[in-house]
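The values are calculated or read from the model by the stated rules, or taken from the named source; none is laboratory data. Quantities reported herein were computed from a predicted structural model and do not represent experimental measurements. Cβ: placed from backbone, ideal geometry, glycine included. Neighbour counts: every protein chain shown. Just the protein is used for accessible areas: all its heavy atoms, side chains included, with ligands, DNA and RNA removed. Shrake-Rupley method; radii C 1.70, N 1.55, O 1.52, S 1.80 Å.
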Amino acid sequence: MMAVVNHTSLQPASFLLMGIPGLEELHIWLSIPFCLMYLAAVFGNSILFFVIVTEQSLHEPMYLFLAMLAVADLVLSSSTVPKALSIFWSLSKEMSFHACLTQMFFAHVSFIAESTILLAMAFDRYIAICNPLRYAAVFTRSVMAKIGLAAIARGFFVIFPTIFLLRRLPYCGRKLMPHTYCEHMGIARLACADIAVNIWYGFATTLLSPGVDILLIGVSYVLILRAVFRLSSKEAQLKAVRTCSSHACVIVMFYTPAFFSFFTHRFGHNIPIHVHILLANLYMLLPPMLNPIVYTVKNKLIREKVSRIFFKHGQWC
């Protein structure tokens with residue numbers, strides 16, 4: 001009997017996710033933009049992935065990176081938003097302990113994988129502009145496959161230890177989680193024990209994963225801009241800038257809400273909790289929704305392929 005009690009105190013059967021505390025009366029209204037943004041993210045990324053996979057002319061490194069990005073966006077948004085909508089619509093607020101850890105794992109792994117892909121895309125643009133003659137030799141099919149696997153492996157090995165860091169904590173019957181989805185520190189703060197290891201591990205992984213990525217992306221863009229300004233032709237300069245503009249937009253959209261959420265969560269103690277949670281949802285929803293739009297609008301070839309699909313479909317109907 002004692003063993004059962006101890007086991008129960010260490011691992012609660014389930015958590016009760018409260019959504020956005022302080023905005024409970026607005027849950028049904030908040031669900032409308034959440035739902036529309038999620039549907040746009042799923043539709044846009046699915047179309048982008050389908051077009052790139054089925055069109056032979058798009059089987060080039062730049063477009064294969066976009067396909068990887070689309071998959072990461074689909075996992076990132078789908079791992080969190082459906083549960084948030086379930087909470088907003090009062091369908092189900094309960095989530096088992098193991099389901100909570102699983103959701104956290106996929107959300108964080110896909111975030112780190114996407115950050116890794118964005119770093120690889122920055123290197124892709126650097127080689128394309130600064131050393132174009134070596135581009136075909138550097139970004140072969142084999143290298144592209146290895147980059148995709150490395151993105152997944154990196155996310156896996158960074159996040160996997162957090163499962164054990166959370167399983168070792170006692171929760172003393174605490175079940176109420178003021179959030180729309182499970183994330184590492186949100187779960188850890190329910191524990192009735194010292195969570196210093198969790199805090200420092202979360203801080204270190206943030207600095208060493210997306211933190212290092214954004215630093216290296218910044219260095220690559222400094223080198224790219226230096227090479228662009230050395231070009232004698234104004235037309236060549238504009239063409240080089242255009243090839244990087246889509247990627248630069250996506251980087252800003254991906255990292256800005258994520259880092260803002262991270263730093264306000266740790267240092268903005270005077271900021272209301274509903275602001276923290278809205279920001280945490282924003283970086284799960286905004287980049288997946290906007291990424292396919294940015295690349296479709298700014299890339300003529302993708303735009304033509306997507307238009308052709310809808311034109312054929314409209315003609316068939």
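What do you reckon, is L215 surrounded by 14 or more Cβ atoms within 10 Å (Cβ to Cβ), in a helix (DSSP H, G or I), modelled with pLDDT of 85 or more and out of contact with any Phe, Trp or Tyr (no Cβ under 9 Å at 6 or more places or on another chain)? When the stated conditions are applied, L215 does not pass them. With respect to the conditions (1) assigned to a helix (DSSP H, G or I); (2) in contact (Cβ under 8 Å) with a residue 24 or more places away in the chain, P170 falls short on a single one, namely (1). Number of residues in segment 54-82 that are closer than 24 Å to G155 by Cα and part of a helix (DSSP H, G or I): the value is 20. Restricting attention to segment 124-164, the residues that are under 30 Å from R230 (Cβ atoms) and of a type in the set (A, V, I, L, M) add up to 10. Selection over segment 178-198 of residues that are open to solvent by 10 Å² or more (accessible area, probe 1.4 Å), part of a helix (DSSP H, G or I) and touching a strand residue (DSSP E or B) at 6+ places or on another chain (Cβ under 9 Å) gives a count of 1. Scanning segment 285-304 for residues that are without any contact (Cβ under 8 Å) to a residue 60 or more places away in the chain and among the β-branched types (V, I, T), we see that the one that is most open to solvent (accessible area, probe 1.4 Å) is V297. So is F267 of a type outside the set (A, V, I, L, M), under 27 Å from S110 (Cα atoms), modelled with pLDDT under 75 and open to solvent by 50 Å² or more (accessible area, probe 1.4 Å) or not? Criteria met by F267.
From the residues in segment 153-180 that are out of contact with any Leu (no Cβ under 7 Å at 6 or more places or on another chain) and aromatic (F, W, Y), which one is farthest from V109 (Cα to Cα)? It comes out as F164.
From the list I163, I117, the lone residue that is among the aliphatic types (A, V, I, L, M), surrounded by 19 or more Cβ atoms within 10 Å (Cβ to Cβ) and either out of contact with any Phe, Trp or Tyr (no Cβ under 7 Å at 6 or more places or on another chain) or in contact (Cβ under 8 Å) with a residue 12 or more places away in the chain (or both) is I117. Which one is nearest to V252 (Cα to Cα) among residues in segment 175-212 that are in contact with a Cys (Cβ under 7 Å, 6 or more places away or on another chain) and in contact (Cβ under 8 Å) with a residue 60 or more places away in the chain? Top of the filtered list is C182. All conditions but one from (1) more than 30 Å from V143 (Cβ to Cβ); (2) in contact with a Ser or Thr (Cβ under 8 Å, 6 or more places away or on another chain); (3) small (G, A, S) apply to A70; the one that does not is (1).
Residue under question is L165, and the condition is that it be outside any helix (DSSP H, G or I) and of a type outside the set (F, W, Y); does it hold? So L165 fails the test. No other residue among A153, A145, A193 is within 25 Å of E94 (Cα to Cα) and among the small types (G, A, S) apart from A193.
Could you tell me which residue of segment 143-152 is farthest from V75 (Cα to Cα), considering only residues that are of a type in the set (A, V, I, L, M) and open to solvent by less than 40 Å² (accessible area, probe 1.4 Å)? By that ranking, first place goes to M144. Contact map, segment 213-226: residues that are touching a residue at least 24 places away in the same chain (Cβ under 8 Å) and under 15 Å from Y255 (Cα atoms) paired with residues that are part of a helix (DSSP H, G or I) and open to solvent by 30 Å² or more (accessible area, probe 1.4 Å), Cβ distance under 7 Å, separation 6+ or inter-chain. Pairs shown: D213/L119; L216/L119; I217/L119. Considering segment 65-81, the residues that are farther than 15 Å from I302 by Cβ and small (G, A, S) include one that is most open to solvent (accessible area, probe 1.4 Å), namely S78. Taking F50, is it open to solvent by 30 Å² or more (accessible area, probe 1.4 Å), assigned to a helix (DSSP H, G or I) and among the hydrophobic types (A, V, I, L, M, F, W, C)? It is true that F50 is open to solvent by 30 Å² or more (accessible area, probe 1.4 Å), assigned to a helix (DSSP H, G or I) and among the hydrophobic types (A, V, I, L, M, F, W, C). Just one of the listed residues (L58, L91) is modelled with pLDDT under 95, open to solvent by less than 20 Å² (accessible area, probe 1.4 Å) and not acidic (D, E), and it is L58.
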